Amino acid sequence: MFVWISLAAVVVAAFLGWNLYRRFGADRIDAFNEKRRATAKLVSRGEFVDGNRHLEVALAVTQSTFFYENADMQASLDLQWVREIEYDSELATGTAPPAGKVLRLRTNSQAFEFIIPGDMVARWHMMLPPRRAAGPVSDVVPGLAPQVASAT
């Protein structure tokens, strides 16, 4: 009997600790936003989507860099390497986010997806207007020869 009560107490303590950690996680995102607010053109909350993982992050954009960070990671993309910027209502997996829009940034080798809150989408459009790649990859990447399709 004592073993069952001890086990239940451990489970309850673990649940309360996890709940407390998640509650303070929102405060950490706000701290990242405040840190970037002085130098960034725009800061907001968002979700970084990596496959089926959705990570809450602080988003910020400066003249030359796009930042996304939380307590577990600090990452950035130089805007000079971003070939395409698009806003969509679906993720690459075909699922629609429950709220907000998808901000998709494509480089030559990878696509990055973020879910932006609905009330911030218009501001993100102003700071990072949608754009398509200028032409074929060979036009963008020096030294890459254009591919010619042959009829056989």
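Given the options 85, 5, name the one that is surrounded by 14 or more Cβ atoms within 10 Å (Cβ to Cβ) and either among the aliphatic types (A, V, I, L, M) or in a helix (DSSP H, G or I) (or both).
None of the other options fit; the residue is 85.
Could you list all residues from segment 88-106 that are in contact with a helix residue (DSSP H, G or I) (Cβ under 8 Å, 6 or more places away or on another chain) and part of a strand (DSSP E or B)?
Across segment 88-106, the qualifying residues are 101, 103.
Which of the residues that make up segment 51-82 are out of contact with any Ser or Thr (no Cβ under 7 Å at 6 or more places or on another chain), touching a residue at least 40 places away in the same chain (Cβ under 8 Å) and in a strand (DSSP E or B)?
Scanning segment 51-82 gives 54, 57, 61, 68, 70.
Read-outs: derived from the displayed coordinates by stated rules, not from any lab. In this text, all values refer to a predicted model and were calculated from it rather than measured experimentally. For neighbour counting, all protein chains shown are included, and Cβ atoms are generated from backbone atoms with ideal geometry for every residue, glycine included.
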